[in-house]
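The values are calculated or read from the model by the stated rules, or taken from the named source; none is laboratory data. Keep in mind that this is a model prediction, so the values were computed, not measured. Positions of Cβ are generated from backbone atoms using ideal geometry, with glycine treated the same way; all protein chains shown enter the neighbour counts. Note: areas computed on protein heavy atoms with side chains; ligands, DNA, RNA excluded. Shrake-Rupley method; radii C 1.70, N 1.55, O 1.52, S 1.80 Å.
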Amino acid sequence: MHAVCCIKQVPDTTEVKINRKTGTLERKGVPSIINPYDVHGVEEAVRLKEKYGGTVTLLSMGPPQARDALKKAMTFGADRAILLSSRVFAGSDTLATSYILAEALEKIDAEERIDLIFCGKQAIDGDTAQVGPGIATRTGVSQLTYVMEIEAVDFTKGEIIVQRKLHGARERVRARLPALLTVVKEINELRRASLPNMIKAARSEIEVWDEKDLDGEVERMGLKGSPTAVTKIFPPAPRDRGEIIAREGDDPEEAAARLVELLVVEKVIADI
Amino acid sequence: MLVRRLRRAYRRAAVRGYKPPAAAESYRGVWVLVEQTAGEGAPVSWELMGVGTKLASELGVPLEAVVLGDGVEHLAGEAIAYGAKKVYLVDDPVLATYRTYPYTRATVDLVRKYRPEILLMGATTFGRDLSGAVATELETGLTADCTRLEVDPETRLLKQTRPAFGGNVMATIICKKHRPQMATVRPRVMEMPKKDGSRSGEVVREDLFLAEDEIGTWVLETIEEKGKAVYLDKAEVIVAGGKGLGDAANFELLKELADVLGGTLGASRAAVDAGWISAEHQVGQTGITVRPKVYFAIGISGAVQHLVGMQTSDVIVAINNDPKAPIFKVATYGIIGDLFEIVPALTREFKAKLSSPRAGAKGGRPWTKSLMLR
Ligand SMILES: Cc1cc2nc3c(=O)[nH]c(=O)nc-3n(C[C@H](O)[C@H](O)[C@H](O)COP(=O)(O)OP(=O)(O)OC[C@H]3O[C@@H](n4cnc5c(N)ncnc54)[C@H](O)[C@@H]3O)c2cc1C
């Protein structure tokens, strides 16, 4: 089995600064973590490796600091980590990102056939959930989003059965391998890193690839390859400040009666 | 190579040697893709018809809808009743249950043939799964979770505004050269338009030339989790609790209030993380976006990530003992005080009104019924 996990380094907080000119994120000085959903993808891949044997490769695109995220993710027991880093990749929107990642996956696949690709259901900084489907579409593998359980995998037959988390339902799907799974947190409980894996991770080399390592066209990467552009960034419009109808020390019964009254007057709740 | 192993011919075009298709100017019209489950249209699709109608009239083009499924002709009629002038209908057994590939194929083929300049979908599990695939196949831009959509009448560009970085800022995004301009919108963000059965429109049927064995995914079963499901996005009244409740058991207080009002329980992430209530109840950036008639925020501070999920509620009631809590900045009515005193008093007060003979005579849950009237 060969699983590739796509991980993204994201700011640990949403209190981040934005470059008003380019509309891109200023990452300087903001602590970073691995996107919390992606970690569950790594965990799941390592579990499969423990059961079936094989390789887990980590793949991330980002600035040189994203190396830290890969090192951290290696402690789960992955075998190889590749960082896609280049000025050419900077400013990529989701379309360009999935293009670059798909090109890297093609190269990895040529070296060792890929069975499964894992992504988190979305990244907490952008919340778009677009890169997973983008990669699946470009590579032509089966797309399985919001996976909450892998029921069975048959690598000889080339099939997987998963449960997808839908709104108010779960869906059982069988799909051909290779497949791309975007996972939700419910899929597993994260392990604590074992000492041997921590040592292995500390000693691991992170391979760094840039556009010259890939086959793809540079016009389709980075800002140039991104059809969308941010034209304006502004603070959210404040909602009209309402009315404080009771303060500390006021009688709670009276406060409650007044609120009920107001809701009725406003016809929010129709007259009784 | 990965791409050679599956659906080769169709995919390769999208991966290598891509040339932008026709010039942007040759794309005209506003489309809404109608989401359906077992033949029932998703409310978010009808909400999109409202904003779609506005965009289309500003651009001087008709609003059109896409209906995909198996035995879903009736939805074409419904789309017309919600304002579509034309409906592209692909009715095919391979579209019986949603699967990414056949739905992508059907959508992409329609777009390539008819060239709309704007394509809108709901930001649901379905819409997020499909839109990412469609935009990639078409090599065009896609903006997720828009809260505002406007067009620039001069450039005809769609200005797509969405919260970014956890709602700390709003970003307006455009897609200059590529078409269609694609956007998703979360349920309950846009106003539901009026349905009018007397409207007329044209239905255009299209075929999907796709054999079952080309698809490679099979839906084995869909297990409803009715009892467990929380339909926060459909709730008219939400009673939400946060860290201020202090304990799982105290959600009982909120439940009593919610029961009197026929409301649904919501929660902040802090309450969910504490294990007091399940994640289905979480409102906010990483939870659900809601737009009820009344939202009670009880013991919730009002962090920006929470606010982005509920600030379009018609009326917000905040109950918090900290006068500086940011929730008061968005609250229609604020009560500064101890929730453990206020909430039981509120429940009593509402109950007292409800036990009046007229309300009682209506039976059932008069509150929810009357709330619907507005
Ligand atoms: C990437 C990211 C995504 C996030 N997504 C979400 C999300 O989707 N939804 C979400 O809610 N949060 C989200 N958060 C978390 C968010 O930042 C806040 O931490 C969270 O909303 C706080 O929850 P709270 O208001 O319940 O708790 P607190 O901020 O601790 O507030 C508790 C409030 O209760 C009040 N209180 C205490 N005792 C009483 C009493 N007896 N009577 C009355 N009032 C009392 C206090 O004054 C205080 O205002 C996210 C954070 C990040 C970084």
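Just the number, please: buried accessible area between B and A, total of both chains, 1.4 angstrom probe, nearest 100 square angstrom.
8600 Å²
What average number of partner chain Cβ atoms lie no more than 10 Å from the Cβ of the residues making up B:285-297?
1
Kirkwood hydrodynamic radius for the protein assembly as shown: how many Å is it when counted over pairs of different Cα atoms?
Result for the protein assembly as shown stands at 25.9 Å.
Counting Lys and Arg as +1 and Asp and Glu as -1, each charge on the Cβ, what is the dipole of chain A about the Cα centre in debye, to the nearest 20?
My answer is approximately 780 debye.
For region B:23-214, take the convex hull of the Cα atoms, compute a quarter of its surface area, and give me that in nm², please.
10.4 nm²
Based on the Kirkwood radius over alpha-carbon pairs, what is the Stokes-Einstein translational diffusion coefficient of region A:185-250 at 37 °C with 0.692 mPa s viscosity, in µm²/s?
166 µm²/s
Using only the alpha-carbon atoms, how far is helix A:252-265 inclined from the longest principal axis of chain A? Give it as 0 to 90 degrees, nearest 10.
Helix A:252-265 sits at roughly 90 degrees to that axis.
So what's the net charge close to B:A81: Lys and Arg +1, Asp and Glu -1, counting the other residues with Cβ under 13 Å from its Cβ?
With Lys, Arg at +1 and Asp, Glu at -1, the neighbours total +2.
Expressed as a whole percent, how much of the Cα-Cα distance distribution for region B:23-118 exceeds 22 Å?
25 percent
For an R0 of 35 angstrom, estimate the FRET efficiency from the Cβ-Cβ distance between B:A211 and A:D215 and round to the nearest 0.05.
The value I calculate is 0.70.
Ordering B:M192, A:M221 by how much accessible area each has at a 1.4 Å probe, largest first, what is the list?
From most exposed to least exposed: B:M192, A:M221.
In nanometres, what is the gap between the two model label sites at B:R28 and B:E73, each 7 Å from Cα along Cα-to-Cβ?
Between B:R28 and B:E73, the label points sit 3.0 nm apart.
Share of region B:23-214's accessible area from carbon and sulfur, percent, 1.4 Å?
50 percent
At 1.4 Å probe size, put B:F328, B:F340, A:F155 in order of accessible surface, largest to smallest.
If we order B:F328, B:F340, A:F155 from most to least accessible, we get B:F340, A:F155, B:F328.
Give the residue from A:G41, B:G287, B:P163 lying farthest towards the positive end of the charge dipole for the protein assembly as shown; charges sit on Cβ (+1 for Lys and Arg, -1 for Asp and Glu) and the dipole is referred to the Cα centre.
In the protein assembly as shown, that residue is B:P163.
Give the residue list of GluC sites (Glu not before Pro) in region A:193-243 that are DSSP loop and have at most 12 other beta-carbon atoms within 10 angstrom.
A:E205
Hey, any idea what Rg/Rh is for chain B, computing Rh the Kirkwood way over Cα pairs?
Reported Rg/Rh (Cα atoms, Kirkwood Rh): 1.02.
Within region B:132-227, report the trypsin sites (Lys or Arg not before Pro) that DSSP leaves as loop and that have at most 15 other Cβ atoms within 10 Å.
B:K176, B:K177, B:K194, B:K195, B:R199, B:K226
Given Cβ point charges of +1 (Lys, Arg) and -1 (Asp, Glu) and nothing else, what value in debye, to the nearest 20, does the dipole of the protein assembly as shown about its Cα centre take?
Here the protein assembly as shown has a charge dipole of around 1120 debye.
Calculate log10 I(q)/I(0) of chain A for q = 0.12 Å⁻¹, where I(q) comes from the Debye formula with a single equal point scatterer on each Cα and nothing for solvent.
-0.76
Could you rank the peptides B:35-46, A:176-187 by their average count of other C-beta atoms within 10 Å per residue, with the highest value first?
A:176-187, B:35-46
Which net charge results for the neighbourhood of A:T75, defined as the other residues with beta-carbon distances under 12 angstrom from its beta-carbon, given Lys and Arg at +1 and Asp and Glu at -1?
With Lys, Arg at +1 and Asp, Glu at -1, the neighbours total +4.
Residues of B:319-330, mean number of Cβ from any other protein chain within 10 Å of their own Cβ, rounded to a whole number?
So the per-residue partner count for this stretch is 2.
Just want the answer: with Cβ charges of +1 for Lys and Arg and -1 for Asp and Glu, which residue in B:A38, B:L63, B:L210 is farthest toward the dipole's positive end in region B:23-214?
Sorting the options by dipole projection puts first B:L63.
Just tell me how shielded B:343-352 is by partners: mean number of partner chain Cβ atoms within 10 Å of each residue's Cβ, no decimals.
4
How big is D, in µm² s⁻¹, for region A:62-174 by Stokes-Einstein at 10 °C and 1.306 mPa s if Rh is the Kirkwood radius over C-alpha pairs?
Diffusion coefficient, whole number: 100 µm²/s.
Can you list the residues, at least 5 places off or on another chain, whose amide H is less than 5 Å from the amide H of B:D92, using H built in the peptide plane?
B:G69, B:D70, B:G71
Cα-Cα over 19 Å: which of A:K71/A:K121; A:K107/A:K157; B:K54/B:K113; A:K232/B:K159?
A:K71/A:K121; A:K107/A:K157; B:K54/B:K113
Under a point-charge model restricted to the Cβ atoms of Lys and Arg (+1) and Asp and Glu (-1), what is the dipole moment magnitude of region B:232-370 relative to its Cα centre, in debye to the nearest 20?
540 debye
Just going by the charge dipole of region B:182-288, with Lys and Arg at +1 and Asp and Glu at -1 on Cβ, which of B:S200, B:G241, B:M190 is farthest out on the positive end?
So the residue furthest toward the plus end is B:G241.
Tally Lys/Arg at +1 and Asp/Glu at -1 over every other residue whose Cβ is under 12 Å from the Cβ of B:E64; what's the total?
Charge balance near B:E64 sits at +2.
More than 25 Å apart: what percent of Cα pairs in region B:232-370 qualify?
In whole percent, the long-distance tail amounts to 20.
Leaving ligands, DNA and RNA out of it, rank A:D79, A:D68 by accessible area with a 1.4 Å probe, largest first.
Accessible-area ranking of A:D79, A:D68, largest first: A:D68, A:D79.
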